[in-house]
Amino acid sequence: MSDIIAADQLRLLIERIERLEEEKKGIADDIKDVYGEAKSTGFDTKTIRSIVRLRKMEKHARDEADALLETYRQALGMA
């Protein structure tokens with residue numbers, strides 16, 4: 001009986017994961033559409049992706065990444 005319960009629980013967990021994966025795909029498609037809209041409006045989507053990534057970072061991590069980038073640029077004579 002315990003095996004049946006475990007199998008049912010496993011099946012339910014897998015079905016939940018499958019539903020969430022489908023929702024995730026739908027959201028990813030929506031995000032792709034927004035980037036397409038931005039591009040058709042004349043915005044650079046690569047830059048927008050960079051900004052989105054930076055906005056996810058905490059300020060101290062962003063400052064650290066900026067400082068490191070600047071150090072590398074100077075080392076390569078790009079400053």
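The values are calculated or read from the model by the stated rules, or taken from the named source; none is laboratory data. Only a predicted model underlies this, so the values are computations on that prediction, with no experimental measurement involved. Counting neighbours? That spans all protein chains shown, and the Cβs are built from the backbone with ideal geometry, glycine included. With ligands, DNA and RNA removed, areas are computed over all heavy atoms of the protein, side chains included. Shrake-Rupley method; radii C 1.70, N 1.55, O 1.52, S 1.80 Å.
Please go through the range 6-79 and write out the chymotrypsin sites (Phe, Trp or Tyr not before Pro) that DSSP classes as loop and that have at most 16 other C-beta atoms within 10 Å.
On the way: sites: 35, 43, 72; in loops: 43.
Of the chymotrypsin sites (Phe, Trp or Tyr not before Pro), the ones in loops of the range 6-79 whose Cβ has at most 16 other Cβ atoms within 10 Å are 43.
Can you tell me how much longer the chain between residue 18 and residue 45 gets when fully stretched, taken as 0.36 nm per residue apart minus their C-alpha distance, in nm with one decimal?
Values: separation 27, 0.36 × 27 = 9.72 nm, distance 3.01 nm.
This chain segment gains 6.7 nm when fully extended.
If you run the Gaussian network model on the chain, springs between alpha carbon atoms under 10 Å, then out of 65, 28, 38 the most flexible one is 65. Surface composition of the chain: carbon and sulfur make up 59 percent of the accessible area, probe 1.4 Å.
Inter-label distance, residue 28 to residue 79: 4.0 nm, where each label sits 7 Å from its Cα along the C-beta direction.
Full extension of the chain segment joining residue 53 with residue 70 gains 4.3 nm, where the gain is 0.36 nm per residue of separation less the Cα-Cα distance.
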